[in-house]
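Below: one structure, written as structure tokens.
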Amino acid sequence: MADQVILSSPLLDYVRDFSLREDDVLRELREETAELPGGTALQINPEEGQFLALLVRMTGAADVLELGTYTGYSALCMARAGVADRVEQRVEDAAAVLGELLAERGPASFDLVFIDADKVNYPRYYEQSLELVRPGGLIVVDNTLFFGQVADPAFTDANTEGVRALNALLRDDERVEVSMLTIADGVTLARRKGA
């Protein structure tokens, strides 16, 4: 059995042909986003969006928090269509928003938190999110392989170091069950223990 499959363009096309169920709204948003500066680099791929939607449904998450968004593709994947009354957007410092949400809603008030914001602050966002997610709830962190830079000691920039710090924190954190997945740019699932 192979350790890892190399995801070539033909293999990615195969996966999309046999698994991806992206509706017209999501496809159009993804295509429009790709035309923006940094569009394809800053947006999750459609397979990851579908995975997030599946996680929300599998966990029965009703209250979902996303940290960091570009054009809303991942938020739409998690919330689905007809969401104008279900999505509240706050454009400000993520750490401040997390503090506000803790004050407004109290601890354990979210079922799922998706972290995809500035990588430097990943450890801080994780700690704050852990307060906000309910026992048995899920924290999903994007970019935990960070272009492979986390495994290369030559990369010492603040973003890579932030992701490395989070990965070490997650590895050693007995408050959660954790699994780092090698999909997209690395997605780590952390289930808060207690339920």
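For every residue, the table says whether it meets (1) at negative phi; (2) free of Cβ contacts under 8 Å to residues at least 60 places away in the same chain; (3) surrounded by fewer than 17 Cβ atoms within 10 Å (Cβ to Cβ).
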site	(1), (2), (3)
Leu132	yes, no, no
Gly137	yes, no, no
Asn143	no, yes, no
Val150	yes, yes, no
Pro153	yes, yes, yes
Asp157	yes, yes, yes
Thr160	yes, yes, no
Leu166	yes, yes, no
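Considering the conditions (1) under 20 Å from Val163 (Cα atoms); (2) without any contact (Cβ under 8 Å) to a residue 12 or more places away in the chain, Met58 is excluded by exactly one of them, (1).
All conditions but one from (1) out of contact with any helix residue (DSSP H, G or I) (no Cβ under 9 Å at 6 or more places or on another chain); (2) free of Cβ contacts under 8 Å to residues at least 24 places away in the same chain; (3) closer than 26 Å to Ser179 by Cβ apply to Ala96; the one that does not is (3). Here is the figure for the stretch 164-195: residues that are of a type in the set (A, V, I, L, M) and out of contact with any strand residue (DSSP E or B) (no Cβ under 9 Å at 6 or more places or on another chain) total 4.
Tell me which residues, restricted to the stretch 102-123, are among the hydroxyl-bearing types (Ser, Thr, Tyr) and closer than 22 Å to Ala79 by Cα.
Of the residues in the stretch 102-123, the ones among the hydroxyl-bearing types (Ser, Thr, Tyr) are 109, 122.
Selection gives Ser109 alone.
Within the stretch 61-93, how many residues turn out to be among the acidic types (Asp, Glu) and touching a residue at least 40 places away in the same chain (Cβ under 8 Å)?
Counting residues in the stretch 61-93 that are among the acidic types (Asp, Glu) and touching a residue at least 40 places away in the same chain (Cβ under 8 Å) gives 2.
Scanning the stretch 36-80 for residues that are in a loop (DSSP other than H, G, I, E, B), touching a helix residue (DSSP H, G or I) at 6+ places or on another chain (Cβ under 7 Å) and among the polar types (S, T, N, Q) turns up Gln43, Thr69, Thr71. Exactly one residue out of Asp173, Asp116, Asp93, Asp111 is more than 30 Å from Leu7 (Cα to Cα) and in contact with a Ser or Thr (Cβ under 8 Å, 6 or more places away or on another chain): that is Asp111. In summary, Arg192 fulfils each of the numbered conditions (1) in contact (Cβ under 8 Å) with a residue 40 or more places away in the chain; (2) over 20 Å from Val64 (Cα atoms) with the single exception of condition (2).
Say we look at the stretch 112-129 and pick out the residues that are hydrophobic (A, V, I, L, M, F, W, C) and open to solvent by 10 Å² or more (accessible area, probe 1.4 Å); which of these is nearest to Phe51 (Cα to Cα)? First the steps, then the outcome.
Kept after step one, since they are hydrophobic (A, V, I, L, M, F, W, C), are these residues of the stretch 112-129: 112-115, 117, 120.
Subsequent filtering for residues that are open to solvent by 10 Å² or more (accessible area, probe 1.4 Å) retains 117, 120.
Working: Ala117: 18, Val120: 25 Å.
The qualifying residue nearest to Phe51 (Cα to Cα) is Ala117.
Take the conditions surrounded by fewer than 20 Cβ atoms within 10 Å (Cβ to Cβ) and either in a loop (DSSP other than H, G, I, E, B) or among the charged types (D, E, K, R) (or both) and apply them to Ala96. Does it pass? Answer is no for this residue. Only a single criterion out of (1) among the small types (Gly, Ala, Ser); (2) outside any helix (DSSP H, G or I); (3) open to solvent by 50 Å² or more (accessible area, probe 1.4 Å) is not satisfied by Ala103, namely (2).
The values are calculated or read from the model by the stated rules, or taken from the named source; none is laboratory data. As the structure is a computational prediction, the values presented were derived from the model and not from experiment. Every residue, glycine among them, receives a Cβ derived from its backbone with ideal geometry; neighbour counts consider all protein chains shown. In case anyone asks, the SASA skips ligands and DNA or RNA and just uses the protein heavy atoms, side chains included. Shrake-Rupley method; radii C 1.70, N 1.55, O 1.52, S 1.80 Å.
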